[in-house]
Structures are given as structure tokens and as C-alpha cells.
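The values are calculated or read from the model by the stated rules, or taken from the named source; none is laboratory data. The structure displayed is predicted, hence computed values, not measured ones. Cβ placement follows ideal geometry from the backbone for every residue including glycine, while neighbour counts extend to all protein chains displayed. Note: areas computed on protein heavy atoms with side chains; ligands, DNA, RNA excluded. Shrake-Rupley method; radii C 1.70, N 1.55, O 1.52, S 1.80 Å.
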Amino acid sequence: MKYPFQEIETKWQKRWEEEGINKANLSEAEKKLYALVMFIYPSAAKMHIGHWFNYGPTDTWARLKKLQGNNVFEPIGYDAFGLPAENYAIKTGIHPHDSTLQNVNDIRDQLKTLGAMYDFDYEVNTSLPEYYKWTQWLFLLLYKNKLAYRQNAPVNWCSKDATVLANEQVVDGKCERCGTEVIRKNLTQWFFKITNYAEELLQHLDKIDWPEKTKTMQRNWIGKSVGIEIEFAVASDSQSDKSKSDFESDSTFRVFTTRPDTLFGVTYVVLAPEHSLLKQLTTSSQKNLVENYLEEVKKETEIERQSTTKEKTGVFTGSYAINPINNEKIPIWIADYVLATYGTGAVMGVPGHDERDFILAKKFSLPIKKVILEEGKLANEELQSAFCEVGTLVNSGKFDGFNSEIAKEKISDELEKIGKGKRKINFRLRDWLVSRQRYWGAPIPIVYCESCGEVPIPENQLPVLLPYNVDFRLGGESPLARSEEFVNTTCPNCGKKAKRDVDTMDTFVDSSWYFLRYPSSKNSEVAFEKNVTNQWLPVDKYVGGAEHAVMHLLYARFITKVLRDTGYINFDEPFLSLVHQGTITNKGAKMSKSRGNVVNPGTFTEQYGGDVFRLYLMFMRPYDESGDWNDEGIQGTWRFVNRIYQLLLDNKEMLRATSFKAKYEIQSLQSLDKILYRKTNQTLKKVEENIHDFHFNTAISSLMELLNELTNSPAAAGKRTNEITTWCIHKLIIMLAPLAPHFAEELNEMCGGKESLFKGNKWIRYDETAIAEDEVTIAIQINGKLRDTMQFPIDSHDEIIKQAVLQNDVVKKYVDGKAIAKVVVVKNKLISIVVK
RNA sequence: GCCGGGGUGGCGGAACUGGUAGACGCGAUGGACUUAAAAUCCAUUAGAACGUAAAGCGCUCUGUGUCGGUUCGAUUCCGAUCCCCGGCACCA
């Protein structure tokens, strides 16, 4: 009889619900364990295979922990604001509120078929006022603490869709949706001051258990550079130009460098085209050239400008600067590769020791000066390319002869002493732009009053409701601007007429704190209760896609630190331990609707059931590895489940009738009992360790081995006692419970079990004394090659093994007549004989 | 270009801390059951040469991207090199 999964899975889902098996007990924080998956983004589509691959295995991990007696909290929710729902609305006319609610209901039903331990009483939905009220509260908290500010800034703009795009919606410089090239546009926007936390965000990476590559990505993203800002004076004769009489040589600008040791090698300086001093520095003879260049730069897209493959361009301003270390007069250039937004917007050109500068100098025939000497090279040898490694200083006055690392400090000291420099640390990290000119998000809780100016909405007036009746089709401005009803309001301060901010928040703001909301999701008084939050957080295990490495995961860390500093929580990091599942591709590409290569999990759950499908996803390959989808192997897990089911059907009476002890003394067991008892204990150990480490594939293969031992052993029938067989099958069922929960519950009931396996801590700790083998196979190597194997009692003495092996016929063949040069014995493993 | 991760049978993948490479599963081949097919069960399955009349068995060699090194012994450590995947992309 085939395993009737349909009947069994609905039966147990119903029973779990009735008996409240998945209910979390948050009032009791002892042995608490918060297991979390990245919540679902329901705006676009229903659950796909990737969600199953994220949620199923994570639930297996959480269930193991529950079986082991932990108080497990495993919530789920919906990241329900965002572009896809809005785009869908624009296309179909169905309001995003309606489509999202419908989708959430459908997804909740799908999630139930997964059989995870979700407590749906605690679910969150970021698009509901009871949630986004607190997202707005969070915004105001940052605002009050001067961590939210408004500034005019360039943003990604898609002219066809008439909207800003989030960075992640810009793919290869083009709009993800319509393929239009994205341009930069200046708009007044809200920012969160994440840069205040740059240093701490970097430092604390060392104390969290995250994949190393994710931490590296964050480190690179934060991009700390230690260097110095150096002041250059503008040469007085630069302004030979009579029209600039009010401008004399007291004008200065600064450059940022991490290589002060190369300061003597500066042969020019370069400013960003946006540099504030540019107008003053441009001489009349260069004016046309500079203006033409600025025009060209303006025409470039951000992508073209940032392209490393593009040929370097730039023009001379006509002015000169004075190098503070040696008073050399050097030309001031502008070039588009210098970023106005980083450092001081000006850099010193050291063509001898910087690749970019080398290329520019070659192109415009600027001098190249060698100031760092490569070991083993001559000082007068011409540089063929920039030398960027550590070396010895030359042509650097009193610093000649110093190692460049030491010279960095010496020259920095000197500059600080003469007041021409100040050590500085720069970060690549920029403040987080949170405004979106979109409808489907949390409104920014700020009004603009004619007399009071920018006014935050008082907390007791939250939420600022997102109006339903809005023309959300794209138009050149935020859809909310078209809602008179929304825009026009009164100032909470003075009561006069005021206008609301018409932008909504980036959905990453919603997801930057949702893990705090779960334990308090029913509380309408606060965003999260202080006590329960400090007891249940941080999250113990967080599982989700690696694509969030520098967005969501960085924002959530930032918000956590802000809430700590404002006294709301008492921990530094939101996610102590992080795991990324691999990406399942199909026909070599990421699954997506537009490619038409999405694999629907329903195809498999309908044919094989949820347990078999989730088992297969876990068995398929290591959890953190990506790879192409292939359903051929699912037969194997289907057979595995059915073989177990058949085994239980065949032995139902025996299993119910046989009683057994919790534990046996292994040496008292007879041969086949002993082998099975040992194998079962070995499997218990392996399954426990492998699931803990997210190595589900090997956990399942060891269970398959155990089943083979149980059913395939040639002499098994009749030579094994019912007692040990029954004992083993009970353990097998418990080991299956985290992996295939419905199935295991059913098997347990077939054996006479009355209570759910997930009540109480039913996991069995393996018997340490029953793991070790009595006999071991010793490999025999001669001159490094395997020649034979022999059986020995475990822990046999080296000398005994040596004597026995030398009597072995195969060994004799190789050894006789030759001298034994060396014998290496590795305990319980092998013996290696070297002959000459 | 830079930073990560990875190359193991026909396929997905195992292999503790340098110690018998290929666990487990898929697929394939042969067989049993069946009127037949599916399902199920059993056996074989890295490649090559050789011995025996043959099945079987025995035996030897090669083999973890490629080349080299360390070692009694290397998928594992070291150096070089090629390829694939992911991330960043002039941050001075």
C-alpha cells in the first residue's frame, strides 16, 4: 500500500492546530530559542520552490531543537508593502491593498501545507496600519535623535516609469522593469544616518556567527579607509587673471589619501567636476575647455561615468597648487572619475604609485615621479607601470630610505605638525535613502507647515493612514501628491494649514525591525514590549537568502543599534547566527515569471506530499549550495518513505506488542542485535549533529543506511530479537520527526503512540558506549599503496598489529627479500610499511 | 581588475584532525514477479589492462580541473596555472 500522504498530512495539521502543538509560550523564556526565516514578500506571486527550500529545512532544525526540549518560537509574516504589488495594480487595476490581502490569505494556506511549526497568532503584515504605525514611530524616533534628515540628493530615476528606483531595482544600469537606462536626478529626500554607526557595524561583525562571505561583503560595503586629509594651497600666480582680484593665494583645498608616503610623488591634483572651488580656479584661457567638459560629463549616465573600462578623461583648470611637503607647484585638473561624494572630492595624482593616476599621466603627458622603490630595483630605472606595493622611499627629502609603511606615519606626523594635514578615517558607506515616490508603502509622518516648517506628527496621532482612494498610476510625482484629502492637513503645532510629506518609506525600513515585532505582535500599545523583547531576542538562528547580505541585514543591524542607544533594547546585534540557503536555478537561470522557468511546488506536493518534497529538498544537495533544479531524484525519497511505511505495516502487531527498555548494555546483546543497536546509536549521533549544522543531506543518508541495515541484512530475519528491532524502529521514527513531521507522527501512532511527538522532549540522546566498534579494519599499505586489509580488535597494540601483518601472505609477497625501512601504525586505521 | 566560494563516476553528492576515494540517492544494465506494463524486490555499476574455457573469481595499473612540491601516505597541506559561480566595480 502506498503511503497515503494526503490523508495523513491533513490529519496531523488539524491535530496540531487542535492541540495547540505549534503555540509558542512566550511567558516562559527559559531554554528559549528564536528560530527565524526571512519573512515572505507576497506582493509578487505565491510560494515557489525557493520558499520551500528556505522554510522547510529551517523548520527541521527548529523541530530538532524542540524535540530536544527547547522552548522554540518560530514565527512567520508578510513583507507586504513594495513595488511588485503596485506594479501589478498599475497593470491590472486591482488595488494593491486588495491583491495583497488576497495573496496573504492564499500564502497562509500554502504555508500550512508545509507543516512548519508556525504560530499564526503571531504573524505580522507590514502593510497593515497596526504594523506600519510602528514603522512610522521608528521613523520619528530616528528623527528625534537626529538620525533622520532631509537633503537634496541624486537618486536613481527611471524616466519612463517616472519614478525613483531602489538600488536593487537597477540592474546593469537599467530599470529592472522596463529596461530604460537609469539616470541620476536631484530630489529632496529623507535619509537615515547609518554612517554614524559605520565603525560599530564593522567592529561587531567579529562577534556574530555569520557566513564569512557575508561578513566580508558587509566589510567591503562599509569600506573603512584610514588616511589623512592634506591641505594644498592654490598658487598665487594662478589668478594672473585680472577679473579675480578678490581671490588671492589664501585659497586652499584638501585631498584625502591613504598613501601619504607617496606625497613627494604628486605631479598634479584632480578635483571632481562638482567641486565647489572649480569656478574660482578656472582661468579665462581654460574656461571654454572646462565648460565643454562639464557639459560632456552632464550628458553621461552615472553608469558610463563609473565604468572602469571607459577611457580616462579630464581637463586642466589653468591653476596650480602648492604641495605642502616640498612647495612644488603642480597643475590642478578636473576629471569625472573623481567622486564628489567621497572624501573631499579631490585627490592627489601620484602616477608613479597609483594605476589610475598612471593612466591619466600617460594620456596627458604629465610627469611621472618615482618615490617608492621596489625591492631589488634601481632608483633610476623608468617605471613601466604604477608600483603600488610596499617599498623604500626615494626622492623624498629627509624621508628617503624609510620603508613606505613607516613613512606613512612619519609624513602624517610631519603634516600634522606643520598644520597642513589631519589624520582621517573615511567610510564608503553612505546614508540610507528611505524616501520613495511610490504609493504602496508607509507614509512618512512629517508635515510641512507654512509657519512652523517641518513638523513631525505627534506619536499619539499615529498612524498616518495610507489612503485607499488614490490614483496610483505613474505620473511624474508621488501618487499621494494627487490626493488632496491626504496632502492637505493642519499643523499639529499651530493648527494652521500644512501639507503632508507625500513620499512613502523604503520597504527595507519595514523589514529592518519586524523580528522585534513578532513576540509583541498582538500589542497595540507599543512597537515591542521591552521585557519579552529582551528575553526572546536576539534571534538565535536566522535563515534566508544571501542576496540580502548588504541591504536588509545591514539595515536591521543599524536599527538594532539605534534602539539599543535609545534605551529600548539591551542587545547589540539582532541575529546571532545566520545561515544562507543556496539558490535553486532552473535551466541555468534564476527562476522568474518573465523567464517562464518557475517550478511550482504544488506539482510535487500533490504527487508526493509535503513531507516527501521537503525531504527531497534537503537530500538534494548541501543546504548552502546553489544549483539547478532536477526532480529525478525525488523518486528516491519517495521510495525511502514508502519502504518505512511498508515496514511498519508489516510489523504493526509486533511493534504494538513488544515492550522495550530505554537503553541496553551493548555487550549483553547478541550479534545482529548488537550490530543494529550500534548502528542506531551511531545514526542518532549523526542525525543530531548533522541537523544542528544544517547538513540535512547527510542526516537523511544516514537514516537510509539505518533502514538498509534494518531491512537488507541478509540474515536479518529471525536472527534479531523483536525487542531490539522494535527499539530501533521507535528511534527511527523520532529521528524522522524533525525531517518529515506528519509522517513520523503517523508512524508513532501506528506503533501505539497516543501523544504527539512534539509534546515534551522526546529526542533520544545516543549511547556513547554503544558507538565504538568492537573490531576495526586496518588498512595495510606498502610503500604508500594499499595492498590488503585485516580485522583487529579495537585499540589493538601497535606491536600486535605489526607482528600479525608481517605474517600476512600478501604482505610477505612484497616484503620478503627486502629491508623494512620504516613502519607507521595509526591507531584503528592503518599500518604503513616502507621497504627498500 | 579586486574579494569570496568551488571543480570528485553518466548525474546529485559522501569522505573525521593528512590515513582503505566514490557513503547515500538518481539513472543505467541484467534478473524475479506480471498475460503485459507500472510499481516492487534482487544483483551489478569509476576507468583500463591481464589471468582462467566461461559466469564467477583473482590480479595489476590509472583516477578527486591541470602541472609541480612536501610526506611512509595528499580530494585534504604548499606553490603555479586553467575553468565555473557569487559579490564589488575608478572610494584615491
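Only residues in the range A:637-659 that are in the same structural domain as A:A699 (by TED's automatic domain parsing) count as the first member; pair them with residues that are acidic (D, E) and more than 10 Å from RNA strand B (Cβ to nearest atom), Cβ under 6 angstrom, at least 6 apart or cross-chain, and list the lot.
From residues that are in the same structural domain as A:A699 (by TED's automatic domain parsing), the pairs are A:T658/A:E723.
Can you tell me which residues in the range A:497-553 are of a type outside the set (D, E, K, R), closer than 21 Å to A:F53 by Cα and away from RNA strand B (no atom under 16 Å from the Cβ)?
A:S511, A:F515, A:V539, A:Y542, A:V543
Is it true that some residue in the range A:654-664 is of a type in the set (S, T, N, Q) and assigned to a helix (DSSP H, G or I)?
Taking every residue of the range A:654-664 in turn, none turns out to be of a type in the set (S, T, N, Q) and assigned to a helix (DSSP H, G or I).
Mind counting the residues in the range A:195-216 that are in a helix (DSSP H, G or I), open to solvent by less than 20 Å² (accessible area, probe 1.4 Å) and not aliphatic (A, V, I, L, M)?
2
Of the residues A:N600, A:N642, A:N630, A:N570, only one is within 13 Å of RNA strand B (Cβ to nearest atom) and open to solvent by 40 Å² or more (accessible area, probe 1.4 Å); which?
Of A:N600, A:N642, A:N630, A:N570, the one residue that is within 13 Å of RNA strand B (Cβ to nearest atom) and open to solvent by 40 Å² or more (accessible area, probe 1.4 Å) is A:N630.
Does A:I94 satisfy the criteria of being in the same structural domain as A:G610 (by TED's automatic domain parsing), at negative phi, open to solvent by 10 Å² or more (accessible area, probe 1.4 Å) and not in a helix (DSSP H, G or I)?
Yes: the conditions hold for A:I94.
Considering only the range A:665-695, state which residues are open to solvent by less than 80 Å² (accessible area, probe 1.4 Å), farther than 22 Å from A:N708 by Cβ and in a helix (DSSP H, G or I).
Of everything in the range A:665-695, just one residue is open to solvent by less than 80 Å² (accessible area, probe 1.4 Å), farther than 22 Å from A:N708 by Cβ and in a helix (DSSP H, G or I), namely A:S668.
This table checks each residue for (1) among the polar types (S, T, N, Q); (2) in contact (Cβ under 8 Å) with a residue 60 or more places away in the chain; (3) touching a helix residue (DSSP H, G or I) at 6+ places or on another chain (Cβ under 9 Å).
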position	(1), (2), (3)
A:G50	no, yes, no
A:G56	no, yes, yes
A:W61	no, yes, yes
A:K65	no, no, yes
A:Q68	yes, yes, yes
A:E74	no, no, yes
A:G82	no, yes, yes
A:T92	yes, no, yes
A:L101	no, no, no
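For the structure I just gave you, tell me whether A:G345 is on the phi > 0 side of the Ramachandran plot, touching a His at 6+ places or on another chain (Cβ under 8 Å) and in the same structural domain as A:K408 (by TED's automatic domain parsing).
Judged against the criteria, A:G345 is a match.
Which one of these is among the small types (G, A, S) and within 18 Å of A:P84 (Cα to Cα): A:G475, A:G495?
Result of the check over A:G475, A:G495: A:G475.
Name the one entry in A:T605, A:T560 that is part of a helix (DSSP H, G or I), without any contact (Cβ under 8 Å) to a residue 60 or more places away in the chain and either away from RNA strand B (no atom under 16 Å from the Cβ) or surrounded by fewer than 16 Cβ atoms within 10 Å (Cβ to Cβ) (or both).
Exactly one residue qualifies, and that residue is A:T560.
Scanning the range A:811-833 for residues that are under 17 Å from A:G784 (Cβ atoms) and open to solvent by less than 50 Å² (accessible area, probe 1.4 Å), which turns out nearest to RNA strand B (Cβ to nearest atom)?
A:S832
Return yes when A:S594 is of a type in the set (S, T, N, Q), modelled with pLDDT under 90 and not assigned by TED's automatic domain parsing to the domain that holds A:P57 and no when it is not.
no
Is it the case that some residue within the range A:734-745 is outside any helix (DSSP H, G or I), under 30 Å from A:N70 (Cβ atoms) and within 16 Å of RNA strand B (Cβ to nearest atom)?
Within the range A:734-745 (the criterion being outside any helix (DSSP H, G or I), under 30 Å from A:N70 (Cβ atoms) and within 16 Å of RNA strand B (Cβ to nearest atom)), the answer is yes, since at least one residue qualifies.
Consider A:E625 carefully, then state whether it is under 30 Å from A:I208 (Cα atoms), within 15 Å of RNA strand B (Cβ to nearest atom) and surrounded by fewer than 18 Cβ atoms within 10 Å (Cβ to Cβ).
Yes.
Given the residues A:S796, A:S756, which is the only one that is crowded, with 16+ Cβ neighbours inside 10 Å, at pLDDT below 90 and assigned to a loop (DSSP other than H, G, I, E, B)?
On inspection, the qualifying residue turns out to be A:S796.
Take the conditions closer than 30 Å to A:K754 by Cβ, open to solvent by 20 Å² or more (accessible area, probe 1.4 Å) and part of a helix (DSSP H, G or I) and apply them to A:K11. Does it pass?
yes
Six or more apart or on different chains, Cβ atoms under 7 Å: show the pairs whose first residue is in the range A:283-303 and without any contact (Cβ under 8 Å) to a residue 60 or more places away in the chain and whose second is aromatic (F, W, Y) and open to solvent by less than 90 Å² (accessible area, probe 1.4 Å).
Qualifying pairs under 7 Å: A:Q286/A:F316.
Taking the criterion of being farther than 20 Å from A:Y766 by Cβ, outside the structural domain of A:K65 (by TED's automatic domain parsing), touching a Leu at 6+ places or on another chain (Cβ under 7 Å) and open to solvent by less than 50 Å² (accessible area, probe 1.4 Å), would at least one residue in the range A:724-744 satisfy it?
Within the range A:724-744, one or more residues are farther than 20 Å from A:Y766 by Cβ, outside the structural domain of A:K65 (by TED's automatic domain parsing), touching a Leu at 6+ places or on another chain (Cβ under 7 Å) and open to solvent by less than 50 Å² (accessible area, probe 1.4 Å).
Which of (1) modelled with pLDDT of 90 or more; (2) among the charged types (D, E, K, R); (3) outside any helix (DSSP H, G or I) is the odd one out, the single condition A:E632 does not satisfy?
(1)
Among the residues of the range A:376-394, which ones are closer than 15 Å to A:A407 by Cβ and either within 16 Å of RNA strand B (Cβ to nearest atom) or more than 40 Å from the chain's Cα centre (by Cα) (or both)?
Matches in the range A:376-394: A:F387, A:C388, A:E389, A:V390, A:T392, A:L393, A:V394.
Return yes or no: is A:S702 of a type in the set (G, A, S), out of contact with any helix residue (DSSP H, G or I) (no Cβ under 6 Å at 6 or more places or on another chain) and either outside any strand (DSSP E or B) or over 22 Å from A:K66 (Cβ atoms) (or both)?
Here the answer is no, as A:S702 does not meet what is asked.
Identify all residues within the range A:344-369 that are in contact (Cβ under 8 Å) with a residue 40 or more places away in the chain, more than 14 Å from A:R259 (Cα to Cα) and assigned to a loop (DSSP other than H, G, I, E, B); write none if there are none.
A:T344, A:G345, A:F364, A:L366, A:P367, A:I368, A:K369 - these are the residues of the range A:344-369 that are in contact (Cβ under 8 Å) with a residue 40 or more places away in the chain, more than 14 Å from A:R259 (Cα to Cα) and assigned to a loop (DSSP other than H, G, I, E, B).
Got a number for residues in the range A:46-76 being open to solvent by less than 10 Å² (accessible area, probe 1.4 Å) and among the small types (G, A, S)?
2
Determine if the range A:345-366 includes at least one residue that is open to solvent by 30 Å² or more (accessible area, probe 1.4 Å) and away from RNA strand B (no atom under 15 Å from the Cβ).
yes
Considering only residues of the range A:284-314 that are among the basic types (K, R) and surrounded by 13 or more Cβ atoms within 10 Å (Cβ to Cβ), which is farthest from RNA strand B (Cβ to nearest atom)?
A:K287
For the range A:579-596, how many residues meet the condition of being surrounded by 10 or more Cβ atoms within 10 Å (Cβ to Cβ), farther than 20 Å from A:T58 by Cβ and within 11 Å of RNA strand B (Cβ to nearest atom)?
Total meeting the criteria: 3.
Can you tell me which residues in the range A:675-687 are touching a helix residue (DSSP H, G or I) at 6+ places or on another chain (Cβ under 7 Å), away from RNA strand B (no atom under 11 Å from the Cβ) and of a type outside the set (A, V, I, L, M)?
A:Y677, A:R678, A:K679, A:T680, A:N681, A:T683
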